[in-house]
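What follows is one structure encoded as structure tokens, with my remarks underneath.
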């Protein structure tokens, strides 16, 4: 509990994880974000320092949690020549929560080791509300000893550890995460087709969803996204652009394995189209804009 | 309860429905199947007459339940010049349970009316075990009065009515059924891609399925087909060939509505490929033969 925690990347996910840990009695000492205003506001809220240097985050923390947007950002915070997290990082631990490619997790672990620091990937398969409540589904990859050492903190983010999983070596959690989102995106795009066709046939969509829920068509995304698709309520929990990114990561893995995955490819094409039409910032349920008649124009 | 019931089409589904109704005290008086041997065996088992003429089934029954393979067979039993179910059908009721196109249900209802008989579509979204146990999910289409009249019997097939749904006019239940199976087929083909890629990446598939089940990747088919895909156990409950047929029905409806459904199209292509490779008689979970490395050859 005496651990000092720093955060790099305090968007909707990172900020809520910081709030949660502060609430649990952790000392959140440092926050950093390219959005300086957001970082300053959060820092004021939870009594942390809003750092303008990454090395300062490391200096103020025992554990640094990173929640950045993509591979490029993840590599940059660990390798930027002028200022990076590994300066003075000996004995520190990094927990990397962004959805990035498995290879980048492996690379970051290597760099951290070289600097005398520990690194763990902790992929999240949940959203903003769960970050705030400390009920994230967390899939971890890295050395088992590092995982065990960080467990007390991870538990506070994952419903007292009920949703905490050790998957295997660095990169494997990101692989699992990519597969989760690939399958989720397929199911979501498929559901949008079922409901879109149902609407075109003038079927009662409430009944249709009830039937789906009782049969082989049932899925988690039916519960989370079905009504939103019907009601055209696409307030963003997990954006179409993110869906496209994650399916892209999975398809790259498939290509390396020389596997052809036509459903994943079709769903990537749909999410890419969604982004191109200007709907990339809508929730993934906004894929229904492409399958309901008369939709697909900017509201 | 005094109703005499006939069955046309006593394959795995029809035979088990007949057994169930006989068990519930209904008098199953007549069975008919192009497979004469199967019909004779069932007739002996439940004390019915194995008919060689369709008109004889009608003569012996108040209600005739038809469970045939496709549109062609469904139309044939009602329109064959020499011998069909509508000969002497005045006052009889037909319950049509096959997965056929919505249009055929409408056509059969029209023909039955002309002959002074009632007709109801009762689409099943369950499988063999549920037929035997009387716990089928039954979606009905037709005149509400006909549905109400047949309800006491339908209840005995649908878990005391808990799984019985009146959807709307003739054809609409078949539309819903086609949508259910279209979405189910997408989810199944998508799951096979997720598990196939997981296997190629040498991830622990038990852990992967557990993660799927806890996240946005969860689905009914994960529970019913996931392990079978991993274990390559494709004993048939719902065949790949049937999956291809049903997705085809849904895509035809989509085409009529001028809707493009790329995920449904990709899954139809996969199931069609499965059939072409000679796996059409495997369970739909056999779609994993196309996505796991080293599979896809006849065992």
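The selection criterion, being touching a strand residue (DSSP E or B) at 6+ places or on another chain (Cβ under 8 Å) and either surrounded by 17 or more Cβ atoms within 10 Å (Cβ to Cβ) or farther than 29 Å from residue B:245 by Cα (or both), does not hold for residue B:52. Residues in the stretch A:131-161 that are modelled with pLDDT of 95 or more and either farther than 18 Å from residue A:119 by Cβ or not assigned by TED's automatic domain parsing to the domain that holds residue A:91 (or both): 12 in all.
Of the residues B:18, B:44, B:30, the single one that is assigned by TED's automatic domain parsing to the domain that holds residue B:153, touching a strand residue (DSSP E or B) at 6+ places or on another chain (Cβ under 6 Å) and in a helix (DSSP H, G or I) is B:18. When the stretch B:199-208 is limited to residues that are free of Cβ contacts under 8 Å to residues at least 60 places away in the same chain and at the interface with chain A (Cβ under 7 Å from one of its Cβ atoms), the one that is surrounded by the fewest Cβ atoms within 10 Å (Cβ to Cβ) turns out to be B:207. Within the stretch A:1-27, being over 19 Å from residue A:135 (Cα atoms), over 18 Å from the mean Cα position of the chain (by Cα) and surrounded by 20 or more Cβ atoms within 10 Å (Cβ to Cβ) holds for one residue alone: A:6.
Selection of the stretch A:142-162 for residues being in contact with a helix residue (DSSP H, G or I) (Cβ under 7 Å, 6 or more places away or on another chain), more than 22 Å from residue A:61 (Cα to Cα) and more than 14 Å from every other protein chain (Cβ to nearest Cβ) yields an empty set. The one condition from (1) within 17 Å of the chain's Cα centre (by Cα); (2) crowded, with 24+ Cβ neighbours inside 10 Å; (3) free of Cβ contacts under 8 Å to residues at least 40 places away in the same chain that residue B:248 does not meet is (2).
The residue that is surrounded by the most Cβ atoms within 10 Å (Cβ to Cβ), among those in the stretch A:280-299 that are within 14 Å of chain B (Cβ to nearest Cβ) and assigned to a loop (DSSP other than H, G, I, E, B), is A:291.
If you go through the stretch B:199-229 and keep only what is outside any helix (DSSP H, G or I) and touching a helix residue (DSSP H, G or I) at 6+ places or on another chain (Cβ under 8 Å), you end up with B:201, B:203, B:215, B:216, B:217, B:218, B:219. List the residue pairs whose Cβ atoms are under 7 Å apart, where the first residue sits in the stretch A:270-299 and is on the phi > 0 side of the Ramachandran plot, the second is modelled with pLDDT of 95 or more, and the two are 6 or more positions apart or on different chains. Once the first residue is on the phi > 0 side of the Ramachandran plot and sits in the stretch A:270-299, its partners that are modelled with pLDDT of 95 or more give A:296/A:277; A:296/A:289; A:296/A:290.
Of everything in the stretch A:230-239 that's touching a helix residue (DSSP H, G or I) at 6+ places or on another chain (Cβ under 6 Å) and not in a helix (DSSP H, G or I), which residue is nearest to residue A:184 (Cα to Cα)? Ranking the qualifying residues of the stretch A:230-239, first place goes to A:238. When every residue of the stretch A:225-234 is checked against the conditions, none turns out to be at pLDDT below 95, more than 9 Å from every other protein chain (Cβ to nearest Cβ) and either surrounded by fewer than 21 Cβ atoms within 10 Å (Cβ to Cβ) or within 21 Å of the chain's Cα centre (by Cα) (or both).
Checking A:251, A:259, A:277, A:268 one by one, the residue that is at pLDDT 95 or above, not in a helix (DSSP H, G or I) and not assigned by TED's automatic domain parsing to the domain that holds residue A:124 is A:259 and no other. Applying the criterion of being in a strand (DSSP E or B) and within 26 Å of residue B:248 (Cβ to Cβ) to the residues of the stretch B:145-174, the residue that is farthest from the chain's Cα centre (by Cα) is B:168.
Please work out if residue B:193 is within 9 Å of chain A (Cβ to nearest Cβ), under 23 Å from residue B:297 (Cβ atoms) and either over 17 Å from the mean Cα position of the chain (by Cα) or free of Cβ contacts under 8 Å to residues at least 12 places away in the same chain (or both). Taking the combined requirement at face value, the residue satisfies it.
Residues that are within 25 Å of residue A:22 (Cβ to Cβ), surrounded by fewer than 16 Cβ atoms within 10 Å (Cβ to Cβ) and out of contact with any helix residue (DSSP H, G or I) (no Cβ under 6 Å at 6 or more places or on another chain) are absent from the stretch A:76-83 altogether.
Rundown of residues vs (1) in contact with a strand residue (DSSP E or B) (Cβ under 8 Å, 6 or more places away or on another chain); (2) facing chain B (nearest Cβ under 8 Å); (3) in a helix (DSSP H, G or I), yes/no style:
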residue: A:113; (1), (2), (3): yes, no, yes
residue: A:126; (1), (2), (3): yes, yes, no
residue: A:131; (1), (2), (3): yes, no, yes
residue: A:140; (1), (2), (3): yes, no, no
residue: A:176; (1), (2), (3): yes, yes, yes
residue: A:179; (1), (2), (3): no, yes, yes
residue: A:197; (1), (2), (3): no, yes, yes
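Annotation: of all residues in the stretch A:240-265 being out of contact with any helix residue (DSSP H, G or I) (no Cβ under 7 Å at 6 or more places or on another chain) and closer than 28 Å to residue A:295 by Cα, the one that is nearest to the other protein chains (Cβ to nearest Cβ) is A:242. In the stretch B:209-223, the qualifying residues are those that are at the interface with chain A (Cβ under 7 Å from one of its Cβ atoms) and within 22 Å of residue B:283 (Cα to Cα), and the one that is surrounded by the most Cβ atoms within 10 Å (Cβ to Cβ) is B:219. In the set (1) without any contact (Cβ under 8 Å) to a residue 40 or more places away in the chain; (2) closer than 26 Å to residue B:250 by Cα, the condition left unmet by residue A:257 is number (2).
The values are calculated or read from the model by the stated rules, or taken from the named source; none is laboratory data. Model, not experiment: these values are computed from the prediction. Quick reminder, even Gly has a Cβ in these numbers, built from the backbone with ideal geometry, and neighbours come from all protein chains shown.
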